[in-house]
Amino acid sequence: MASCAKHCVAYLFLLGVLSVPAASVYTLTDQGGLGSRFDGVGGLSGGGATSRLLVSYPEPYRSQVLDYLFKPNFGAALQILKVEIGGDAQSTDGSEPSHMHSADDQNYTRGYEWWLMREAKKRNPGIKLYGLPWAFPGWVGGGEPYPDPELTAEYVINWILGAKRVHGLTIDYVGIWNEKEYDVTYIKTLRKTLDDNDLGHVMIVAADGDWLRISEDVMADPELAKVVDTIGAHYPGTNSIPMARQTGKPLWASEDYSTFNDPKGASCWARILNQNYVNGHMTSTIAWNLVASYYDNLPYPRDGLMTANQPWSGHYEVSDPIWATAHTTHFTSPGWQYLNGVGHLDGGGSYVALADGKGNLTIVIEAMSHQYSKCVRPLLPPYSVAPTQIVNFRLGGAFEKITHLYVWFSKFVGNSTARFERRDPPIKVTGGHFSVEVKENCLYTLTTIQKVRNTPTNYPDSPASAPFPLPYKDNFDGPANSSEARYFADQTGVFELFVNDSSPDHVGTMRQVVTERPIFWCKKGPTDSPISVVGDHNWTDVTVSCDVLVERQGGAFVAARVDRGGCVIKDALGFFLWVFADDTWALSYDLALKNIVKAGKLNATVVGQWHRLDLYSKGDTVKGSANGQVLFELKTGPLPIKKGFAAIGSLDFKHVQFDNFVVDRTK
């Protein structure tokens, strides 16, 4: 892009060549030692089933997405993968299955996080793995609504051991309980249990919340200080607190970003990647979330580093935060060290410099404006950035012998945009001095690391976006137990593919398997009615049909126009057709069964028997049938239930099975 080359970057050998006033000289040297160890840039899968749809992508598109995330020197080239330790409960955009639904149950093939960690390691064997619980199965509380220290330690250690035994995965870091009040006794118990199981290499990150309490506790408790390896805080706004720094522990933004992945989101990410260290001395930043692979109508749509939420079409979008990440990850590795003296530019923006101790140097400069780099949270205080500034550097110590630096450049906002482009010629360094013209809203990497210019850095465009296909059918004849049906997104409870040996007509089914109320992460606690949604949140005139089996207690439903998901799923509206263990049926306009508009006897035994439910919606008409017999047909009148997902689910945490699911346009 010639216009960008002309207007966004220029290289100078002498000061004062341009009419723009020269700024201070920034010295980069290893004399007197280097700064903190760089621990890497990461992405977070989970914290709400955020990678749910990715595993259902067809090849080659699934592998392409994974390459953009993890392949070194390609896309984001992430250095840390943080995953949710599934707890059978809603944790933002969905619920992820636990490896232990009960105390006597262990299964290390459930869900997709194992698969994702394997794929990340396959591409980058050096990537670090970090596990953190959001929710817990109810039994971990020992009958109480909070996790029991000893039970929780055993539960988490089983996950770490299972990762190694079943998948060959070494977990490097483990957290406590995401954004919840922690128990100091538990942290100490966790360390002891890790050590007792020959897991001394696993480091503890505490406490995935704010800085204050954990810093106070570490400073006041030498035993706790000994077992906490890293202090991690969420959404720190690029700032830590003095007490956190006084602990002497590495400080991480262990969850950050959480911003729409458009150009402004990329600028937010570029700014905090630099300033988390400049302002807060944080040596790692981990993005929530890794990839927006969940339906757009769920909370925080497209807040991933890229978007891949159409497995039926193969369409995905390589969003700008991928390339903002590459400015750091392609030219550094965990174990490099920051240089002392990094900081803010006189004209606004910031710079960091990192070295590998072998003579290599990487400098990342960002000049992101306040307007175009606001993250969703926290509030960004006002500041200004000069339209143009001359930034003068002096390299000292081992770097004084550097003669040139390769340049990579991005601008994500404005009419002239560039994404991770190499600019030639390299900057010449004369006697340790060089200058660079820095433009507002531009991102630069200056480095001794030479990347081959013609190395491919992208794939051809993915297939065109397409709506969810109708009709859609699934008979749940999956390959094995304890895996999930494609496209279904559990919002409460866990729905797993199941081999039903007792019924020759329903051998492969999907079964709701959580039978005890979990220890929830959501503040208000979601519904006790498990539900899994599927399809397009814009559906209006659809027919949802499914065979259902209530095994012993509770009930089952099919639903249309379900209007929401996430932690507010208990307030979901829609059309819900239920059958109950007492041989009755009902139509409700809500999941909570507070607005029942029709009800009656089924005239058939429900428990232990398969029943076919059909729910028709068209305009303001809704009709329900069971086993081909019409139960009701009515006009809804003016309702707020205009559109939404299809869904299946159960009443309370009971075993219920589903088979031969179909959703189609209502004729």
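The values are calculated or read from the model by the stated rules, or taken from the named source; none is laboratory data. Predicted, not measured: the structure shown is a model, and the values here were computed from it. Here the Cβ positions follow ideal geometry from the backbone for every residue, glycine too, while neighbour counts run over all protein chains shown.
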_Output for the range 260-273, where each listed residue is out of contact with any Phe, Trp or Tyr (no Cβ under 7 Å at 6 or more places or on another chain) and of a type in the set (S, T, N, Q)_ = 261
*Test: residue in the range 143-158 that is buried (at least 17 other Cβ atoms within 10 Å of the Cβ), farther than 12 Å from residue 207 by Cα and charged (D, E, K, R)*: yes
*Assess whether residue 116 counts as being assigned to a loop (DSSP other than H, G, I, E, B), within 30 Å of residue 73 (Cβ to Cβ) and not β-branched (Val, Ile, Thr).*
no
_Out of the residues in the range 215-268 meeting the condition of being among the small types (Gly, Ala, Ser) and at positive phi, tell me which one is surrounded by the most Cβ atoms within 10 Å (Cβ to Cβ)._
258
*Note down all Cβ pairs under 6 Å where the first residue falls in the range 511-530 and is part of a loop (DSSP other than H, G, I, E, B), the second is surrounded by fewer than 19 Cβ atoms within 10 Å (Cβ to Cβ), and they're at least six residues apart or on different chains.*
528/652
*Residues (in contact with a strand residue (DSSP E or B) (Cβ under 9 Å, 6 or more places away or on another chain), loosely packed, with under 11 Cβ neighbours inside 10 Å and not in a strand (DSSP E or B)) located in the range 620-641*: 628, 640
*Could you grab me the full set of residues in the range 644-663 that are of a type in the set (Phe, Trp, Tyr) and assigned to a strand (DSSP E or B)?*
645, 658, 661
*Here is a list of conditions, (1) closer than 30 Å to residue 501 by Cβ; (2) out of contact with any strand residue (DSSP E or B) (no Cβ under 8 Å at 6 or more places or on another chain); (3) charged (D, E, K, R), and residue 614 meets all of them except one; can you say which number that is?*
(2)
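Rundown of residues vs (1) more than 26 Å from residue 123 (Cβ to Cβ); (2) within 14 Å of the chain's Cα centre (by Cα); (3) among the aliphatic types (A, V, I, L, M), yes/no style:
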| position | (1), (2), (3) |
| --- | --- |
| 75 | no, no, no |
| 83 | no, yes, yes |
| 98 | yes, no, no |
| 102 | yes, no, no |
_Against the definition (in the same structural domain as residue 509 (by TED's automatic domain parsing), among the acidic types (Asp, Glu), touching a Leu at 6+ places or on another chain (Cβ under 9 Å) and surrounded by 15 or more Cβ atoms within 10 Å (Cβ to Cβ)), how does residue 614 come out, yes or no?_
yes
*Scope the range 274-298; condition of a type in the set (Ser, Thr, Tyr), touching a helix residue (DSSP H, G or I) at 6+ places or on another chain (Cβ under 8 Å) and within 18 Å of residue 362 (Cβ to Cβ); matching residues*: 283, 285
*Residues (buried (at least 23 other Cβ atoms within 10 Å of the Cβ) and of a type in the set (D, E, K, R)) located in the range 21-57*: 52
*Residues that are in a loop (DSSP other than H, G, I, E, B) and either under 25 Å from the mean Cα position of the chain (by Cα) or in the same structural domain as residue 104 (by TED's automatic domain parsing) (or both), drawn from the range 531-561*: 535, 536, 537, 538
*If we keep just the residues of the range 443-490 that are modelled with pLDDT under 85 and closer than 17 Å to residue 56 by Cα, which is surrounded by the fewest Cβ atoms within 10 Å (Cβ to Cβ)?*
479
*asked:* Given the criteria over 30 Å from residue 387 (Cβ atoms) and either among the β-branched types (Val, Ile, Thr) or assigned by TED's automatic domain parsing to the domain that holds residue 442 (or both), does residue 332 qualify?
replied: no
